[in-house]
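In what follows, a structure is listed as structure tokens, so that the remarks can point back to it.
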6 protein chains.
Amino acid sequence: MDEKERFEKGLAVRRAVLGDAHVDRSLAARDSFTTEFQDLITRYAWGEIWTRPGLDRKTRSFLVLAMTASLGRWEEFRLHCRASFSNGVTTDDIKEVCLQIAVYAGVPAANTAVKEAKEVFAELGIKT
Amino acid sequence: MDEKERFEKGLAVRRAVLGDAHVDRSLAARDSFTTEFQDLITRYAWGEIWTRPGLDRKTRSFLVLAMTASLGRWEEFRLHCRASFSNGVTTDDIKEVCLQIAVYAGVPAANTAVKEAKEVFAELGIKT
Amino acid sequence: MDEKERFEKGLAVRRAVLGDAHVDRSLAARDSFTTEFQDLITRYAWGEIWTRPGLDRKTRSFLVLAMTASLGRWEEFRLHCRASFSNGVTTDDIKEVCLQIAVYAGVPAANTAVKEAKEVFAELGIKT
Amino acid sequence: MDEKERFEKGLAVRRAVLGDAHVDRSLAARDSFTTEFQDLITRYAWGEIWTRPGLDRKTRSFLVLAMTASLGRWEEFRLHCRASFSNGVTTDDIKEVCLQIAVYAGVPAANTAVKEAKEVFAELGIKT
Amino acid sequence: MDEKERFEKGLAVRRAVLGDAHVDRSLAARDSFTTEFQDLITRYAWGEIWTRPGLDRKTRSFLVLAMTASLGRWEEFRLHCRASFSNGVTTDDIKEVCLQIAVYAGVPAANTAVKEAKEVFAELGIKT
Amino acid sequence: MDEKERFEKGLAVRRAVLGDAHVDRSLAARDSFTTEFQDLITRYAWGEIWTRPGLDRKTRSFLVLAMTASLGRWEEFRLHCRASFSNGVTTDDIKEVCLQIAVYAGVPAANTAVKEAKEVFAELGIKT
């Protein structure tokens, strides 16, 4: 595949998952510092991985939430917490993920995950 | 629920996921240093989390593989890689998890995950 | 032990360590997303571990500060920094913990630990 | 070498790299909680490591940016991002470091590194 | 660029850095589980990042050693320790990296880095 | 203090904690790659931190076990598990540390800690 085509494929799924508003903002903010990085992650994370048919997007959301909480990458956790609703994840699913995080990555990681998730829910107007 | 009942519930799912041979070995090796720890993880990790109906066991296997690889907890990764087959995970699923790990936890974590998974497949006589 | 009794035992020590104000706030904020999580950590972290006679609470505070700083779980570090005073920890003790963190988890972790601790001291009106 | 001399050597390079304003602020803020810590890191990090002739300061900046991003030590990342300009690092260099972080520590670490770097650039009035 | 061309560019630099023997072994071991992963890392890690002119390969080796030691990715640390000699890194350079790791990622990470590096030197017949 | 004196002070406590056999082996193995590193850690980790009167050695052992397990620095965990007996730590103390690790750093970290500790006990001929 040509890399331009890969970029377009990646951009489409990135838009579907993260939403047009977020992606437009990222693209508009591109400058000499971030253009290559934006290009790389669009092709690499989105064009290569998220487009693969081997796992559904809901499962990919679960994987990303689990990894970002474990590693304390909270900005990405928030981003994908918000995005996961586009992939069919529910607040009950996220509750289960947080409980599993408590046991496998420790209670402090889960505490922060719960707090961050609740803030995302509030931003989205989701009641729990 | 009484904690003895919780232990029994946990032990049943632990046996179903990790296999009788592994669990019998763990229980037989209990001594004054490990008995309370074995009891705790059987009730909490297995009795509380793995018995919850909110996510199927296959998804829980995915979450554990993603978290243990991210945190470099390789013994637990191997254990759950092996166990995941009881939960319906396939080698193709594990391939997808490894690819997602590469992007979200870094290529070195994925490299080791691939190597460890292949060793588990070899032990189980699984051809890929 | 019945799990309700475990919860009550955990709640008592949780109140003793974190203070009634914090625990009341956590309990009051429970909803369908957090109730099971609050229940789990009250029984598991507090009811099982913090109630054990094997180590005094001061030592348990030290362990938690060391682990949360190492893993960058700063919200939990702050919470336990504040709580550690109820367990007899002094600002001099926390200074020693920060120095040990510098060598074993790296100077950047210690830098943040020092900064977070000082903010907690300021909130509590503790002069150093 | 006497440790006072080590402190002075460390302070000189710390001032050269982090700037007088930052170091004066740190020293002025010393109290019974932080004096020994400030003394230790000035001798240990700065007096021992940053004064060594074996690697130029630019390379040491690269190493610190890579390690702090990997471990999520973002305050230290910002500090050294800002300081790296004194060592001859350019915004293009930091872009390369962020791209390498994406592959070796994962895309979420790189995303935060890019964001933090851009905030530092903005504070310094650097256009990219 | 077409992705086949990217793969070839990546393979060339991967061979130059890791050596033909290692790369031939990796390619020969490809199967249905690893082919896509090998393809992905050859194009991204090697074809995208290591081929960029923005940093010389010696600096990229430094970055990878620092990140893999910080994250405890020891297999990748060994691989790149060995490979770094092709990029002009010397044992004295690696000594400096280990000293910097001690301060920024903690003494235990540096202890293991020193031990792993010495084992690589011994395998390569390098005296220190 | 002169740094030679600091080294001697550090060496004395290092010998007291890790044992003469281990320290003699480390010193005998010094070469151009490791001499400066050995010197640095003897003066800083041992001469500066472990000699401080602010915390007893038993508590410092606890802190190191907690940090090294959290960060997955298993070689250092083993070293300090073995050494902790010189500081008055008992197998029951280590059991408590492992239980606390399970909750704060996750069950997989505790699983490996338990296994590593048991191997150290076996090497030392300690029955549990």
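Points worth noting:
- Flag for E:LEU11 being buried (at least 16 other Cβ atoms within 10 Å of the Cβ) and free of Cβ contacts under 8 Å to residues at least 40 places away in the same chain: yes
- Matching entry among D:LEU79, D:LEU99 (being in contact (Cβ under 8 Å) with a residue 60 or more places away in the chain and within 30 Å of B:LEU71 (Cα to Cα)): D:LEU79
- Any hit, the range C:23-33, residues being open to solvent by less than 10 Å² (accessible area, probe 1.4 Å) and closer than 21 Å to F:THR59 by Cα: no
- Residue under evaluation A:LEU71, criteria (1) closer than 30 Å to C:GLU75 by Cβ; (2) in contact (Cβ under 8 Å) with a residue 24 or more places away in the chain; (3) buried (at least 22 other Cβ atoms within 10 Å of the Cβ), criterion not met: (2)
- Within the range C:107-128, the set of residues being open to solvent by less than 20 Å² (accessible area, probe 1.4 Å) and in contact with an Asp or Glu (Cβ under 9 Å, 6 or more places away or on another chain) comprises C:VAL107, C:PRO108, C:ALA109, C:THR112.
- Subset of the range F:61-84 that is hydroxyl-bearing (Ser, Thr, Tyr) and within 13 Å of chain E (Cβ to nearest Cβ) - its residue that is nearest to F:PHE121 (Cα to Cα): F:THR68
- Test: residue in the range B:85-98 that is within 7 Å of chain E (Cβ to nearest Cβ), of a type in the set (A, V, I, L, M, F, W, C) and buried (at least 19 other Cβ atoms within 10 Å of the Cβ): yes
- Here F:GLY19 meets each of (1) of a type outside the set (Asp, Glu); (2) free of Cβ contacts under 8 Å to residues at least 60 places away in the same chain; (3) open to solvent by 10 Å² or more (accessible area, probe 1.4 Å) with one exception, condition (2).
- Residue count for the range E:19-48, restricted to those that are more than 18 Å from A:TYR44 (Cα to Cα), away from chain B (no Cβ under 12 Å) and either part of a helix (DSSP H, G or I) or basic (Lys, Arg) (or both): 8.
- Boolean, D:ARG52 is surrounded by fewer than 23 Cβ atoms within 10 Å (Cβ to Cβ), modelled with pLDDT of 95 or more and not β-branched (Val, Ile, Thr): yes
- Filter result for E:THR112 (over 12 Å from E:ALA66 (Cα atoms), among the β-branched types (Val, Ile, Thr) and not in a helix (DSSP H, G or I)): no
- Among the conditions (1) among the hydrophobic types (A, V, I, L, M, F, W, C); (2) under 20 Å from B:CYS98 (Cβ atoms); (3) not in a helix (DSSP H, G or I), the only one that A:LEU65 does not satisfy is (3).
- Test for D:LYS58: is it at pLDDT 95 or above and either open to solvent by 20 Å² or more (accessible area, probe 1.4 Å) or more than 7 Å from every other protein chain (Cβ to nearest Cβ) (or both): yes
- Picking from residues in the range E:104-128 that are more than 9 Å from chain F (Cβ to nearest Cβ) and under 21 Å from C:ILE101 (Cβ atoms), the one that is farthest from the chain's Cα centre (by Cα) is E:TYR104.
The values are calculated or read from the model by the stated rules, or taken from the named source; none is laboratory data. Computed from a predicted structure; not experimentally measured. When we count neighbours, we look across all protein chains shown, and the Cβ atoms used for this are built from the backbone with ideal geometry, even at glycine. Calculation scope for accessible area: heavy atoms of the full protein, side chains included, ligands and nucleic acids excluded. Shrake-Rupley method; radii C 1.70, N 1.55, O 1.52, S 1.80 Å.
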